[in-house]
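In what follows, a structure is listed as structure tokens, so that the remarks can point back to it.
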Amino acid sequence: MNKVVASKLFESLASGVRLDVWRLLVKAGLEGRVAGQLASELDIAPNALSFHLKAMLHAGLISVEQEGRYLRYRANIALMQSLIGYLTEECCAGHPEACGIVPAQPKC
């Protein structure tokens, strides 16, 4: 991970709708959600949701898979963990234990 990639990821999340999408997809885990489910759960028009999903796909935050006539979206958890690692790698000069911070273990 580098600054350019990290900036791109933050830009792609710079929307309340995109943060909501991300959280729903993380909650869904490996099952993911089809676009219609996401639109329904977020109470957002499908065309508006499509705009946000495209930005997140372009950044690599989510993946999509065709299932018949549906598109299933999944969160790229590994990329987010990499971003978190990039943000915290220099914590307390590389010694996070000195800061009293215990690295969070993913729950998925």
Condition first: under 15 Å from the mean Cα position of the chain (by Cα) and small (Gly, Ala, Ser). Can you find one or more residues in the range 39-53 that meet it?
no
A careful count of residues in the range 1-51 that are surrounded by 15 or more Cβ atoms within 10 Å (Cβ to Cβ), under 15 Å from residue 63 (Cβ atoms) and not basic (Lys, Arg) gives 12
Across the range 52-68, what is the number of residues that are without any contact (Cβ under 8 Å) to a residue 40 or more places away in the chain and either assigned to a helix (DSSP H, G or I) or at negative phi (or both)?
9
Restricting attention to the range 69-78, does a residue exist that is assigned to a helix (DSSP H, G or I), surrounded by 11 or more Cβ atoms within 10 Å (Cβ to Cβ) and hydroxyl-bearing (Ser, Thr, Tyr)?
no
Those residues of the range 70-108 which are of a type in the set (Gly, Ala, Ser), modelled with pLDDT under 75 and more than 30 Å from residue 31 (Cβ to Cβ) amount to 94, 98, 100
Apart from one, (1) over 30 Å from residue 90 (Cα atoms); (2) in contact (Cβ under 8 Å) with a residue 24 or more places away in the chain all hold for residue 9; the odd one out is (1)
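Do we have residue 83 as in a helix (DSSP H, G or I), of a type in the set (A, V, I, L, M) and either surrounded by fewer than 16 Cβ atoms within 10 Å (Cβ to Cβ) or out of contact with any strand residue (DSSP E or B) (no Cβ under 6 Å at 6 or more places or on another chain) (or both) here?
Values: in a helix (DSSP H, G or I): yes; of a type in the set (A, V, I, L, M): yes; either surrounded by fewer than 16 Cβ atoms within 10 Å (Cβ to Cβ) or out of contact with any strand residue (DSSP E or B) (no Cβ under 6 Å at 6 or more places or on another chain) (or both): yes.
Yes.
Across the range 18-43, what is the total count of residues that are in a helix (DSSP H, G or I), small (Gly, Ala, Ser) and either on the phi > 0 side of the Ramachandran plot or in contact (Cβ under 8 Å) with a residue 60 or more places away in the chain (or both)? Steps first, answer last, please.
Here is the first cut: in the range 18-43, the residues in a helix (DSSP H, G or I) are 18-31, 35-42.
With the extra rule that they be small (Gly, Ala, Ser), the set shrinks to 28-29, 35-36, 39-40.
Still in the running and either on the phi > 0 side of the Ramachandran plot or in contact (Cβ under 8 Å) with a residue 60 or more places away in the chain (or both): 29.
Total meeting the criteria: 1.
The values are calculated or read from the model by the stated rules, or taken from the named source; none is laboratory data. Given the structure is predicted, the values throughout are model-derived calculations rather than measurements. Neighbour counts run over all protein chains shown; Cβ positions are idealised from the backbone, glycine included.
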